[in-house]
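**Student:** Before I ask anything, let me first share the structure, which is written out below as structure tokens.
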Amino acid sequence: MTGTKGRFFRLLRGLAPLIALGLGYALVVRELGWGLQCPFHAVTGLLCPGCGVSRMCLALLGGDWMGAWRANPGLVILAPVIMALLGLRAVRYVKTGEYGPLFAKEAGLWAGLALLLAVYGVLRNFRGLLG
């Protein structure tokens with residue numbers, strides 16, 4: 001299968017294992033209470049920008065917005081932006097077959113997001129600021 005339809009199904013085949021892995025991990029964490037520990041937190045005792053992402057995703061899957069916010073407010077805010085950028089890239093791939101970043105358009109957005117996450121990662125370790 002070629003063309004738009006072929007690229008769409010190729011994209012779905014590529015995403016299916018990731019989605020299945022994520023849902024499987026969520027099931028294990030929810031039912032057994034086993035989850036991956038953050039190596040940065042284990043070594044330093046500090047919270048990285050991603051600390052709490054498992055709890056955040058589980059809360060979102062259960063519709064608990066406040067629980068997601070308590071787990072990782074920075075990613076709750078930035079996740080829609082990240083998902084929109086990835087969604088636009090997926091749509092562009094399906095329509096045109098191009099899958100690399102459009103450097104001039106996307107590089108600044110991704111760099112800005114990375115900077116926001118880095119700043120958030122520093123600030124969240126100060127008690128009382130950002131959780």
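Values quoted throughout were computed directly from the atomic coordinates according to the rules given, and no laboratory measurement underlies them. All values derive from a computational prediction rather than experimental measurement. Every residue, glycine among them, receives a Cβ derived from its backbone with ideal geometry; neighbour counts consider all protein chains shown.
**Student:** For helix 3-32, report the angle its Cα long axis makes with the longest principal axis of the Cα atoms of the chain; keep it between 0 and 90° and round to the nearest 10°.
**Tutor:** Result, in degrees: 20.
**Student:** Only helical DSSP H runs with n ≥ 4 go in: add -39500 (n - 2.57) per run for the chain, normalise by residue count and round the 222 nm mean residue ellipticity to 500 deg cm²/dmol. Present the calculation step by step, with values, prior to reporting the outcome.
**Tutor:** Details: 6 runs with 97 residues, N = 131.
Mean residue ellipticity at 222 nm (helix-derived): -24500 deg cm²/dmol.
**Student:** May I ask for the angle, rounded to the nearest 10°, between helix 103-123 and the longest principal axis of the chain, with both axes built from Cα atoms and the value confined to 0 to 90°?
**Tutor:** 10
**Student:** Pick from GLU106, GLU98, GLU31 the residue whose mean-square fluctuation is largest in a GNM of the chain, springs joining Cα atoms under 10 Å.
**Tutor:** Its mean-square fluctuation being the largest, the pick is GLU31.
**Student:** What distance in nm separates the two pseudo spin-label positions at TYR99 and LEU21, each 7 Å out from Cα along the beta-carbon direction?
**Tutor:** Going by the 7 Å Cα→Cβ label model, 1.5 nm.
**Student:** Considering only DSSP states other than H, G, I, E and B, which chymotrypsin sites (Phe, Trp or Tyr not before Pro) in segment 1-110 qualify as loop sites with at most 16 other Cβ atoms within 10 Å?
**Tutor:** TRP34, TYR99
**Student:** Assuming 0.36 nm per residue, please report the length gained on full extension of the stretch ALA79 to LEU36 beyond their Cα-Cα distance. Show your work: numbers first, answer last.
**Tutor:** Working: separation 43, 0.36 × 43 = 15.48 nm, distance 2.04 nm.
Roughly 13.4 nm would be gained on extension.
**Student:** A follow-up question, please. Between LEU109 and ARG10, take the C-beta separation as r, use R0 = 25 Å, and let me know the FRET efficiency to the nearest 0.05.
**Tutor:** 0.50
**Student:** Right, another one. How big is the dipole moment of segment 1-107 about its Cα centre under a simple scheme where the beta carbon of each Lys and Arg is +1, that of each Asp and Glu is -1, and everything else is neutral? Debye, nearest 20, please.
**Tutor:** The dipole magnitude comes to about 440 debye.
**Student:** Can you give the Rg to Rh ratio for the chain, taking only C-alpha atoms and Rh from Kirkwood?
**Tutor:** Rounded to two decimals, Rg over Rh is 1.03.
**Student:** Let me ask something additional. Are there trypsin sites (Lys or Arg not before Pro) in segment 37-131 that DSSP marks as loop and that have at most 14 other Cβ atoms within 10 Å, and which are they?
**Tutor:** Hits after loop and neighbour filter: ARG127.
**Student:** Okay, moving on. For helix 73-96, what angle does its Cα long axis make with the longest principal axis of the chain, in degrees from 0 to 90 and rounded to 10?
**Tutor:** Orientation of helix 73-96: about 10 degrees from the principal axis.
**Student:** So, one more: Give me the one-decimal nm value for the distance between modelled label points at VAL122 and LEU61, 7 Å along each residue's Cα-to-Cβ direction.
**Tutor:** It is 3.4 nm.
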